[in-house]
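Heads up: the structure comes next, in C-alpha cells.
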Amino acid sequence: MRLRDIELRIVRMPLRSPFRTSFGVETEKVALLVRVRGDLRGPGGDRVETGGWGECVAMEEPLYSAEYVAGAVQVTRDFLAPRLFAAGDAVTAERVGPLLAGVVGHRMAKAAVEMAVLDAELRARGVPLAEHLGAVRDRVPSGVSVGIQPSVPELLDVVAGYLDEGYVRIKLKIAPGWVLEPVRAVRERWGDDLLLQVDANAAFTLADAPLLQRLDELGLLLIEQPLAEDDLVQHAELARMLRTPVCLDESVVSARAAADAIRLGAARVINVKPGRVGGYLEARRVHDVAVANGVAVWCGGMLETGLGRAANAALAALPGFTLPGDVSASSRFYETDLTRPFVLEDGHVAVPTGPGLGVEPVPELLAEWTSWRQVLSPDGPVGG
Ligand code: SMG
Ligand code: MG
C-alpha cells in the first residue's frame, strides 16, 4: 500500500485501581496510538482506500523496558514514518520490519506502526487478524495479573474477586519482600488445582536463588523473569537450581533471542508480547521457534486498550499458545474501554471475527481521552 498519512495520538485512560509491580505503580494508562491511512491496488486494479490502527505498548516511563511514550513518538515521527513514506507504493505489513531495520531497537514503536499497516491491509482484504496469523481457536482462556497489594488479606480478597469472575489462571506479581508469604497464602486458600504463577519483573539476582527455591514447593506453573533483562546466562544457571520452570518476558526481544534463551536452557516457557519483539509477525516467529523446540508460550499483556487486546486475543489463538495468557477482560483495568469491551465468558475471551483487528475506537471516547495528536504526511508533520 501507499501511506497517505500517519496520525499519532497519546491517549490517557483512567485505571480502575492502581497496578503495582516490582518497578513501580501505574495509576493511569498512557498509550501512543497510530492510525495509518492510505490506498492499495484492489483486485480489479483500482485504488482502494484503507486505514488501520496500531497501539504502542511502551509505558509513559522507561521502567519495564528502555522504551517510553515520548520516545516512541519522537522515533516514529523522525525516523520510522519518513522511511515508510519514502517506500511509496511498496509498503506492506511484511515489509515494515525490513524497511525499518536500519533503525536500531525501538521495537515497541516499530510494532505499533506494523500493526497499523497490517490492520489496514487486512481490512481492505476483509481478512480477520486471527485468520491471517493462523489461529486455531475462536476464544482464548483468560488469566489475570494481580499487582502487589498492601497486605496479604487484601491480596486474598482481590484474587477471590477475580476467581469469582471466572479467570482460569492467577499470576501474582512478586518483588523483594513480597514473595513467600503472599504466594503461599494464595496456594493454601485455593489448593493445588489453582493455576498459579508469579512474575518478578527482573527484581532479583542469582544471590536470591535460595529464596526462589522455596517457591518450588508451591507448585507454580512458572516463575516469570526473575533476573535482569540482559542476564540469559544467569537465568540458565538459576533454571538449573529450580524445579519451577523459568519463563522469560523482558529478555525475549526477538525470535533470535528466544532461540538463544532456549538453547542456553534459560527458558522453559516464553511470554510472547508482540510490542516487546517488534510486532505481531515477529511474535508469530517467536511462537514458531518455541513450538519447534517444544517450549510452551503464552500471550503477555501490557494493559492494552481494546485495540491491542483484540490483536493479543488473535495471537493467543495460535496452536502453540498452550498456557492461559494475560489476555483478560477490559474490565480488569478499565471501567470503560476505548473499543467495545472484551468480556469474560466462562473464563474465556472471544477472538474478534471482523476484518483486521475487528474492533475500532469509540470516536467520542477517543476524542475525550486524547491528550495530544499529530498527523504526519510525506511532506512532514501537519499541525500539532
Ligand atoms: O495487560 O494484563 C495485562 C498486564 C499483565 O503483568 C502484566 N504485564 O511484566 O508481564 C508483565 C507486565 C508488564 C506491565 S506492568 C505495568
Ligand atoms: Mg512479565
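The residue that is surrounded by the fewest Cβ atoms within 10 Å (Cβ to Cβ), counting only those in the stretch 346-384 that are in contact with a Phe, Trp or Tyr (Cβ under 8 Å, 6 or more places away or on another chain) and in a loop (DSSP other than H, G, I, E, B), is 378. Among the conditions (1) crowded, with 21+ Cβ neighbours inside 10 Å; (2) closer than 30 Å to residue 69 by Cα; (3) touching a helix residue (DSSP H, G or I) at 6+ places or on another chain (Cβ under 8 Å), residue 247 misses just one, which is (3). The condition (being crowded, with 24+ Cβ neighbours inside 10 Å, within 12 Å of ligand 1 (Cβ to nearest atom), in contact (Cβ under 8 Å) with a residue 12 or more places away in the chain and small (Gly, Ala, Ser)) is satisfied by just one residue among 308, 301: 308.
Residues in the stretch 91-114 that are assigned to a helix (DSSP H, G or I) and touching a Leu at 6+ places or on another chain (Cβ under 8 Å): 93, 94, 96, 97, 99, 100, 109, 110, 112, 113, 114.
Residue check: residue 235 meets all listed conditions (1) within 16 Å of ligand 1 (Cβ to nearest atom); (2) within 19 Å of the chain's Cα centre (by Cα); (3) not in a loop (DSSP other than H, G, I, E, B) but one, namely (2). Taking every residue in the stretch 263-286 that is more than 12 Å from residue 111 (Cβ to Cβ) and in contact (Cβ under 8 Å) with a residue 12 or more places away in the chain and pairing it with any residue that is in a loop (DSSP other than H, G, I, E, B) and away from ligand 2 (no atom under 16 Å from the Cβ), at least 6 positions away or on another chain, the pairs with Cβ-Cβ distances below 8 Å are 267/295; 268/295; 269/295; 270/295; 284/134; 284/318; 286/254.
Report whether or not residue 261 is outside any loop (DSSP other than H, G, I, E, B) and either small (Gly, Ala, Ser) or within 16 Å of ligand 2 (Cβ to nearest atom) (or both). Yes, satisfied. Inside the stretch 311-330, residues that are in a helix (DSSP H, G or I) and either in contact with a Cys (Cβ under 8 Å, 6 or more places away or on another chain) or in contact (Cβ under 8 Å) with a residue 40 or more places away in the chain (or both) make up a count of 6. Residues in the stretch 229-270 that are closer than 19 Å to residue 171 by Cα, touching a Ser or Thr at 6+ places or on another chain (Cβ under 9 Å) and acidic (Asp, Glu): 250 only.
I'm checking my understanding of the structure. Among residues of the stretch 191-215 that are closer than 20 Å to residue 325 by Cβ and more than 16 Å from ligand 1 (Cβ to nearest atom), which one is surrounded by the fewest Cβ atoms within 10 Å (Cβ to Cβ)? The residue in question is 193. Scanning the stretch 39-61 for residues that are at pLDDT 95 or above and at positive phi yields nothing.
Taken across the stretch 168-189, residues that are more than 16 Å from ligand 2 (Cβ to nearest atom), touching a Gly at 6+ places or on another chain (Cβ under 9 Å) and touching a residue at least 40 places away in the same chain (Cβ under 8 Å) do occur, with at least one present.
With the structure loaded, tell me whether residue 343 is in contact with a Pro (Cβ under 8 Å, 6 or more places away or on another chain) and assigned to a loop (DSSP other than H, G, I, E, B) or whether it fails that test. Answer is no for this residue. One residue alone among 168, 158, 152, 113 is outside the structural domain of residue 281 (by TED's automatic domain parsing) and either surrounded by 22 or more Cβ atoms within 10 Å (Cβ to Cβ) or within 25 Å of residue 328 (Cα to Cα) (or both), and that residue is 113.
The values are calculated or read from the model by the stated rules, or taken from the named source; none is laboratory data. This one's a predicted model, so the numbers in the text were calculated from it and none came from an experiment. Here the Cβ is made from the backbone with ideal geometry for all residues, glycine too, and neighbour counts use every protein chain on show.
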